[in-house]
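Heads up, the thing below is written out as structure tokens.
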Amino acid sequence: MLVSAARRILAILLILTLQVACVNTSTSQATSKTAQTDVQTRVPSSGQVLSNKPLTVQVDSLAPTQGRVMVVGINGQISKNALEKLKQSIGQASGDPIPAGVIVLLDSPGGDGVAAMQMGRLLRKANAHVFVTGQCASACIFVLASGVVRVAPSYSVGIHRGRVTMSDSNAKIIKEVDINDNPQAKAALQHFESQAPIYFAEMGMSPELFPLMQAHQFRGVYRLSSAEISKTKLSGFESAYLQQRSAFYRNQSGPYRMDEDELINRTQKVASRCSGFDKHHTEFINCYKQTLREPFLN
């Protein structure tokens, strides 16, 4: 079973288990019960629950001229099922109002790395603002890297070198694969390790990020300090978006009027100030807006 599963890795473009690089071998052992309880989509206007966590989506409508804000909460493992829910939901956002058109709240220990990169590319196209409200470890950093705005508190981000695992469609790990005993799994991991730095470069991350991941190959994760998060660019703004967004705020009147430096300073306060609202998306939006308006409030 292990050999056939490992062969499937190459046929299905590697399914990394979000333990950053964990290359995952998809298996059919997932039960329907697990599939039904792993992903949730909520739209507050109707209160309809389409399925269960760890991915939640909420859309708040603003004034017609401002657009809509979509908040994506990723809590727990990142999976192919979560990716599919994001694909179904991403079009609900419209425009780029204050504070953002798409907000992503991360509290994830990892999961499916290939799904995480696919989610990241969707979120980058949507100009997502990404905040770590709990932890973001392993493959979760692929989602964090996708934000045009990225904020992560000290030691909330964990990294390690890739591992090969077998897991189901909900990214539940069934077993870890020893690449020393499995040439196909080793080749799959090597392929992943050739793709990860390409993805990070695409997202504008520092070239130092991938080697730093590779340096931590043992079990567990290495937690990044605030300086390391900034140096690797896992926190910050995408440069073109920063220019556009700072011009937007310079043209505002009243409390939202600010220059580029002030925009960066205020935005950096959002994750720590608003993390208590990570399960209450409307309140998080309001907190984000208040932080931009009134940065000196406790």
Scalar couplings 3J(HN,Hα) for segment 93-106 by Karplus 6.51 cos²θ - 1.76 cosθ + 1.60 (θ = phi - 60°), nearest whole Hz, x for Gly and Pro, are 6, 8, x, 9, x, 7, x, 5, x, 10, 10, 10, 10, 10
So, over other residues within a Cβ distance under 11 Å of THR291, counting Lys, Arg +1 and Asp, Glu -1, the net charge is +4
Residues whose modelled amide H sits under 5 Å from the amide H of VAL104, counting only those 5 or more places away in sequence or on another chain, are VAL72, HIS129, VAL130, PHE131
Candidate cut points under chymotrypsin sites (Phe, Trp or Tyr not before Pro) in segment 185-252, DSSP loop plus at most 16 other Cβ atoms within 10 Å of their own Cβ, are PHE218
At R0 = 35 Å the Cβ-Cβ FRET efficiency linking PHE248 and HIS191, nearest 0.05, sits at 0.30
Sorted by chain and then number, the residues having a modelled amide H within less than 5 Å of the amide H of ALA137, at least 5 places away or on another chain, are SER108, GLY110, GLY158
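Values in this text are rule-based calculations from the coordinates and carry no lab data. Predicted model, so just to flag it, every value in this text is computed and none were measured. Using ideal geometry, Cβ is built from the backbone for each residue, glycine included, and neighbour counts are taken over all protein chains shown.
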